[in-house]
Amino acid sequence: MSDKPKIVTTTENQKREPYAAAIPTLQTILDGANAAYSSGVGSQVYQSERVAGLGDTTKQGLGFLKENAGTGLGIAKAGESFLLGNLAAGGATTGTKAATQGLLGVQGVDTSGIAGAAGRMSDPNNLANRTAQSVGGGAYNLDASGYQGLGAGLAGPSQTQRSLQDVADGKFLGASNPYTSQIIGQAQDAAASQVKRAYSASGRYGSGMFTGALGEAVARPATELLYRDYDNERTRQAQAAQAIDSGLLSRTSAQAGLLGQVNDVRTANAGQAVTGANLSMQANQAGLAGQATLADAIRANNTQRIGQYGTALAGAQSDRAAAMAGLGAIPGVQTALLQPGRTLLGVGQAEDVARQLQLAADQDKFNEGQQSPWKQLGLLAELGLPIANAGGTATGTTQRMTPQPGILQQALGFATGGLAALGQTGAFSTAAGSSPGWLIALSDERAKENVVEVGATHDGQPLYSFNYRGDRTPQVGLLAQDVARRDPGAVGMRSDGLLAVDYARALGPSMREARR
């Protein structure tokens with residue numbers, strides 16, 4: 001079975017007159033539509049500028065960016081060339097490499113002369129060393145046998161030392177005196193007897209306290225007597241040592257006098273040898289001083305050269321640091337070069353947006369002017385046409401085609417009774433042969449173009465301005481797709497597959513809302 005609608009044609013005699021009270025409104029609609037059509041309003045095309053384009057400020061900013069982008073690119077390429085050359089040279093500039101080579105080429109101080117002088121001074125066969133060896137070997141010693149015989153007579157301990165040596169050596173320290181031991185024993189016995197009498201009288205004889213007191217009483221006299229004996233013996237020891245030392249000092253003084261006579265003679269002979277050695281040493285020192293002077297001159301020369309190369313190195317490093325700093329500054333320079341252009345571009349874009357908005361507003365104003373008469377007529381038709389179609393009497397003959405719903409229409413739930421073949425010259429054409437109370441109009445969105453929402457009915461249905469495809473005449477009305485979502489029974493399908501709207505039914509709620 002096909003989904004295409006089956007059209008049944010019936011013929012009946014009918015003549016329908018509009019509702020008399022609505023005829024003036026219909027005439028007003030017709031006159032207004034003719035006047036608007038004749039004036040061309042709604043069919044005129046907006047001829048003014050629609051795209052603002054780039055303004056002078058924007059163009060100036062873009063030009064600035066373009067010009068300075070080339071300058072920034074040149075700076076960047078110069079920096080890149082320097083950096084690549086620097087990296088190829090191992091990170092050093094030409095000046096740095098030259099200064100480094102100069103530093104490496106500086107010769108050290110020539111020490112051969114100083115080494116020769118030092119060698120001569122350390123030669124064991126030179127005059128100074130030979131003289132020193134002779135003096136040290138005793139070649140110039142006098143015969144001191146007589147003085148030595150006198151010294152031998154003073155050898156050995158003196159009588160004072162033999163008498164006091166035991167006391168000086170501390171032989172009698174530590175209670176070695178037998179009389180000291182006897183006195184200690186007597187003192188301990190007396191102390192023990194005294195403690196025993198005291199504890200016997202108190203009835204505590206033999207107690208632990210008695211034992212402790214007895215031990216302490218016996219030990220104290222021994223300690224005190226030993227301490228006094230030790231102290232006295234130390235005093236005698238010191239006195240004995242002093243007497244021995246005094247005697248030894250007298251003997252030593254005599255011996256020193258004898259040795260001094262010997263040494264005086266030896267010193268006189270050695271002084272002559274040292275004088276000769278000093279003369280040789282002075283000659284060597286003069287040679288060493290000359291070599292040192294030469295070394296100082298060489299050192300000063302090298303210092304000057306090092307300073308020169310150091311200055312060159314510092315300058316080269318300073319240049320390199322400045323160049324590297326310049327490389328680091330390139331992005332900032334490029335930004336600074338481009339910033340004025342970016343600022344101008346930002347201002348120009350804001351101006352362009354404002355101009356574009358103004359052009360859009362002008363176009364909107366023009367479109368509103370084109371749509372306004374038709375919008376007003378549409379609103380009047382929304383009220384007048386249903387009223388005109390609602391009353392009057394019918395006589396005569398009318399031919400009506402009634403489409404029968406196919407399978408697709410039945411599935412979609414479209415009511416098609418009463419729809420006929422519709423005229424396509426206006427949004428509000430009355431279909432010939434329509435049933436009483438029906439105003440049928442082609443309202444399919446697919447048949448329209450330039451669709452713009454311009455208002456709404458009293459019950460909230462959107463109204464659109466449009467024109468049918470192939471016809472520039474402006475119209476105002478509903479869209480069948482909107483009506484179908486609200487009231488599917490007010491929409492039917494034509495034989496060509498497009499949708500039409502039963503305005504009497506679709507606008508019924510709006511009319512009732514308007515009467516309240």
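Every number here is computed from the coordinates shown, using simple stated rules; none is lab data. Quantities reported herein were computed from a predicted structural model and do not represent experimental measurements. As a convention, Cβ positions derive from the backbone with ideal geometry for all residues, glycine included, and neighbour counts pool all protein chains shown.
Data table
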quantity	calculated
Environment charge at residue 483 (Cβ cut-off 13 Å; Lys +1, Arg +1, Asp -1, Glu -1)	-3
Stretch gain in nm, segment residue 197-residue 473, where the contour uses 0.36 nm per residue and the Cα spacing is subtracted	83.4 nm
Listed residue pairs exceeding 27 Å between alpha carbons, taken from 66/365; 365/448; 375/448	66/365
From phi via Karplus (6.51, -1.76, 1.60), per-residue ³J(HN,Hα) for region 40-47 in Hz, x at Gly/Pro	x, 5, x, 9, 6, 9, 5, 9
Translational D in µm²/s for region 169-314 (Stokes-Einstein at 37 °C, 0.692 mPa s, Kirkwood Rh from C-alpha pairs)	132 µm²/s
Straight-distance crosslink candidates among aspartates and glutamates, where the alpha carbon sits under 18 Å from residue 97 and sequence neighbours closer than 8 are dropped	319
Loop-located chymotrypsin sites (Phe, Trp or Tyr not before Pro) in region 128-237, at most 14 other Cβ atoms within 10 Å (DSSP)	205
Computed P(r) (all Cα pairs; region 63-222; 10 Å bins; percent)	7, 10, 8, 7, 7, 7, 7, 8, 9, 9, 9, 7, 3, 0
